[in-house]
Structure formats: C-alpha cells, structure tokens
1. Just name one of 142, 229, 154: the one whose Cα is farthest towards the positive end of the charge dipole of the range 135-258 (beta-carbon charges, Lys/Arg +1, Asp/Glu -1).
2. How far apart, in nm, are the 7 Å Cα→Cβ label points at residue 173 and residue 252?
3. Can you tell me which lysines have their Cα less than 27 Å from the Cα of residue 155? Leave out same-chain residues fewer than eight positions away.
4. For residue 115 and residue 36, calculate 0.36 nm times their separation in residues minus their Cα-Cα distance, and state this gained length in nm to one decimal.
5. Counting other beta carbons within 10 Å of each Cβ, put 247, 253, 53, 112 in order, fewest first.
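Readers should treat all values here as calculations from the given coordinates under stated rules, not as data from a laboratory. Just so it is clear, the structure is predicted and the values come from calculations on it, not from any experiment. Virtual Cβ from ideal backbone geometry, glycine too; neighbours counted across all protein chains shown.
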Amino acid sequence: MQSRTLKLAFSLIALFASGAGFAQTAAPAAPPAPEIKLDTGFVYARGTYGLPTNTDIFMALVNPTYENPDWRVQGSLPYIWLHGPASVVGNAGTAVTSRSEHGIGDATLAVTRKLTAPDGWFPSFGAKVKFPTADDAKGLGTGRTDLSLESDVAKKFGDLTPYATLGYQFLGRSAAYPMKDGLFGTLGFVTNMSDQLVAGLAGNWRQPTISGGSSASELMVFVQQKLSGDSHLQFFVLHGFTDASPTFAAGLTLSWMF
C-alpha cells in the first residue's frame, strides 16, 4: 500500500501559507517599519489519495508573523480533524479502514531573508522547520522533525506581479513512515483588480514525499479583499491532479496588522 500513501500535512499547511501569504507577494516592497501580523484561518480538503473512498480533513490554523524591511519570521500551529481511511502522514503498512481523529498538528517556524535586486526584482531566501508536536499514534504527524529550504522571486509589472518558488524538503524518517526528500515549486501571479481587491493564480508541484508515492500537482485560485483598517479577508480554492494531492481544497483566512 506504500504506492497509495498520503502526505497531506505539508501540502495543507503550504496551501494555507499560499492563501494567507500571497498578499506579501502582491506587494513585495519591504514595510517601512516592523510589523506584527496575525493570520487565522480554516482549510478543508477532500480526496481519495488512491484509496477506494474519500478522506475529509478540516484544519484550523493560527499564523503569527513578525516582519521588518529585511526579515520575516512566521509561525504556524494547526488543529486537525480527519475522517476517512487515509492519515495526515500516510497509511503505509496499515489497514485502510475509515476512522475519525482530531488533535494538534505539527507546528512550523519559517525565517525568510528579503532582498532587493536591480530593475524591481524582489528575491528572498528562507528556511522552515516542522516540529513533531502532533500525535503520530493518531496519524496526525510523523513524530519527526523536518526542514525545508526555499528561494522566492517576484517582479512587479504595473498591476501584475508574477512570482516563483523553488525549494527542497529534508523529511525525518521512521519505520512507520518511509519519507523521501525532494524538490517543490510554485509558479503564479497576482494582479490588483482594484485598490481593495487582489486576485491570483498559482500552480504547485512537489516530488513524492513517501517512497513509492506520486508527485503532487495542484492549481489554485485566490482572492484578497481589504477590509477596514489593516485587516484583509482571503480565500482560495484548489484542484489536485494526482493521488498525492487533494481532489478539492478551499481555505479562508483573516489577517490583522498590529
């Protein structure tokens, strides 16, 4: 059953980060002063992941962020509800019977160094650590620490900002979860529809994260509506094209600046 495993914890948190963080790409110029931001949101995903029936996952997250002109530091702590035969980290070596689980997921901490290049390019380089705070006995985590490194670049062309991400994951291994290191990437763009509304499109790709699994391939559409003051409401929908991705996912986040 290894060829039909699910590695969803990373992808869902990545989807939330894309949905909650694309405004940073839409306006890549550094803030004039240090800022503290709080994103709170919900993600729902459904897929078969190569199994006979669907697995539904609902995830609530809190993402605090500190940002200054040169650095961004962001944390994330999810709470996960799961129902179906697949687990958040895989069903390798287990019976594919439906079950319901819930609990705290794996926390992450990301640090990004922002740069400014000539001709309006905005590159950045970052590292993210996933800590094993989830209960691996419930299938909500691997019980291992993971590290990912990535580089991002964006460039504004009037109201249009294309961007790209390329990174590599180093995944902790255990006898239960034969994780596999690999590349991941995103290509997309954001555009200012008005002073209050931003929209965008992104394609995500990731090499297999479990031995014998398949690559992930997803297409996401997102919008951000500015609310009163420094708050924003953001929404995304996603369609996955392989067994390593959810067939459908959607997320809603609310951001406050302090």
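1. Checked the options; the winner is 142.
2. In this crude spin-label approximation the distance works out to 4.3 nm.
3. The reachable lysines, counting only those whose Cα sits under 27 Å from residue 155, are 37, 114, 128, 226.
4. 26.5 nm is the gain from fully extending residue 115 to residue 36.
5. 53, 247, 112, 253
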